[in-house]
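Nothing in this text is a laboratory measurement; each read-out follows from the coordinates by a stated rule. Not measured: the values here are computed from a predicted model. Here the Cβ is made from the backbone with ideal geometry for all residues, glycine too, and neighbour counts use every protein chain on show.
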Amino acid sequence: MARRVNVGVTFGLVAAILFSVLATIVRLGMGGKGYSDSLGISFAWTIAIYFVTLPVGGVIGGVCGPLMRWAWGAFIVGTLVTLIPFVAVFVVRDNGGLPSGDLEAAGVMAAVIGGGGFFIGWMRTPHHRRRNEPPNS
């Protein structure tokens, strides 16, 4: 399990770096004030959320890795991994509060983006085929 958690944290840090680069490009294109006004969250908070929540999501993915043997497990792990950043964004945007509508929106977005993404990834890997099934069927 320690190896899976290490891989998850590393993946979270790499994702945080890549998303930070993307956020920087967007900020340069929009300007500092335009970024905050348009997105409702400051650039600094965006970067902080990436570097705090994505490695934590990696830990969750590493700990829950055995569930990824099944399609439903991949969906649940993907939802849990992405729920944390979405909730963090809504908490920051709402100045520390979290109206129930935001929590519901975060849950739906996490299920669609994270759960759906992990499920699609699970479907695209060969581990779900029967032993005697040819690879291209």
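Taking 0.36 nm per residue of separation and subtracting the current Cα-Cα distance, fully stretching the chain between VAL56 and VAL26 would add 8.3 nm.
In a fully extended conformation the segment linking THR10 and ARG93 would gain 27.2 nm over its present Cα-Cα distance, using 0.36 nm per residue.
Our estimate of slack between VAL108 and ASP37, defined as 0.36 nm per intervening residue step minus the Cα-Cα distance, is 23.1 nm. Cβ crowding within 10 Å, taken as a proxy for footprinting-reagent exposure, orders THR82, THR46 from fewest neighbours to most as THR46, THR82.
Using a Gaussian network model on the chain with a 10 Å cutoff between Cα atoms, which of GLY40, GLY115, GLY101 fluctuates the most? In this elastic network of the chain, the residue with the biggest mean-square fluctuation among GLY40, GLY115, GLY101 is GLY101. Within the listed set THR79, THR125, THR53, the Gaussian network model of the chain (springs between alpha-carbon atoms below 10 Å) gives the highest mean-square fluctuation for THR125. Here is the list for segment 15-114: chymotrypsin sites (Phe, Trp or Tyr not before Pro) lying in DSSP coil, each with at most 15 other C-beta atoms within 10 angstrom of its C-beta, are TRP70.
Of interest is the spacing of the C-alpha centroids, which for segment 1-36 and segment 63-78 amounts to 23 Å. Membrane-span-like helices in the chain (whole DSSP H runs, Cα extent of at least 24 Å along the helix axis, mean Kyte-Doolittle hydropathy of at least -1.0): 2-30, 43-63, 71-93. Exposed loop sites here mean trypsin sites (Lys or Arg not before Pro) with a DSSP loop assignment and at most 15 other beta-carbon atoms within 10 Å; the chain contains its longest site-free run at 1-128.
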